[in-house]
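The values are calculated or read from the model by the stated rules, or taken from the named source; none is laboratory data. All values reported here derive from a predicted model rather than from experimental measurement. Because the Cβ atoms are built from the backbone with ideal geometry, glycine has one as well, and the counts that use them run over all protein chains shown.
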Amino acid sequence: MDFVNATPPNTEVSWERLIQFLSSTDIVSPERGAQLLNLPQSDPRAAEALLLKARRLSFALRKVFTAMLRKQRTAGEWIEPVNEILRITEGHDELVGQDGLWKIEFVARGGGLDWLLAAVARSGAEIIAEGAHARLRLCANVHCGLFFYDNSRTRRRRWCSMAVCGNRSKVAAFARKHASGRTAL
Ligand SMILES: [Zn+2]
């Protein structure tokens with residue numbers, strides 16, 4: 001979901017953006033991220049191939065998520081780019097300790113660059129498999145377009161972030177009230 005948010009449809013997914021995303025989500029270490037930034041120079045073919053897969057994956061996930069939110073059927077071919085990544089990435093899950101908590105992390109067998117997208121494909125697949133029960137939501141701010149995961153107890157969260165879109169909506173509502181109050185006078 002974060003990957004889809006980080007790669008909006010109106011902007012081209014650039015290599016820098018992709019690597020920045022992988023670094024910010026700890027899919028790659030800062031050192032590996034720095035190495036990868038040079039890949040288009042050292043191995044342009046490999047970089048281009050991965051970028052193409054990343055764009056396909058982003059496009060597919062957005063399409064499926066949008067269909068899910070609209071309660072529409074998801075066509076098998078939309079899912080294919082996700083399965084394509086899942087199919088080629090061999091590896092296993094492992095429990096990794098962090099600050100006294102355990103989380104499940106995907107450990108790739110290595111080789112090739114496709115594993116870089118494995119965690120994204122896996123996480124996207126989990127949301128898709130949740131189907132109608134998924135807590136996936138689209139921000140109520142029509143100008144925002146971000147997906148978010150509703151973990152609230154009431155499951156009635158409307159904004160990607162209360163601080164950004166929630167607040168903006170409150171301010172707008174206040175301004176509207178204020179304006180109508182003035183016209184009434
Ligand atoms: Zn928002």
Picking from 171, 142, 82, the residue that is within 16 Å of the ligand (Cβ to nearest atom) and either over 29 Å from residue 17 (Cα atoms) or in a helix (DSSP H, G or I) (or both) would be 171
Report task. Would you check if there is a residue in region 47-54 being assigned to a loop (DSSP other than H, G, I, E, B), in contact with a Leu (Cβ under 9 Å, 6 or more places away or on another chain) and under 22 Å from residue 148 (Cα atoms)? Result -> no
Meets criteria (at pLDDT 90 or above and charged (D, E, K, R)) for residue 87: no
Being out of contact with any Pro (no Cβ under 6 Å at 6 or more places or on another chain) and under 14 Å from residue 86 (Cα atoms) narrows 140, 119, 132 down to just 119
Among (1) within 16 Å of the ligand (Cβ to nearest atom); (2) not in a loop (DSSP other than H, G, I, E, B), residue 157 falls short only on (2)
Among residues of region 105-129 being exposed (fewer than 15 other Cβ atoms within 10 Å of the Cβ) and part of a helix (DSSP H, G or I), the residue farthest from the chain's Cα centre (by Cα) is 129
Scanning region 55-103 residue by residue, those more than 17 Å from residue 120 (Cβ to Cβ) and charged (D, E, K, R) turn out to be 70, 71, 73, 77, 94, 99
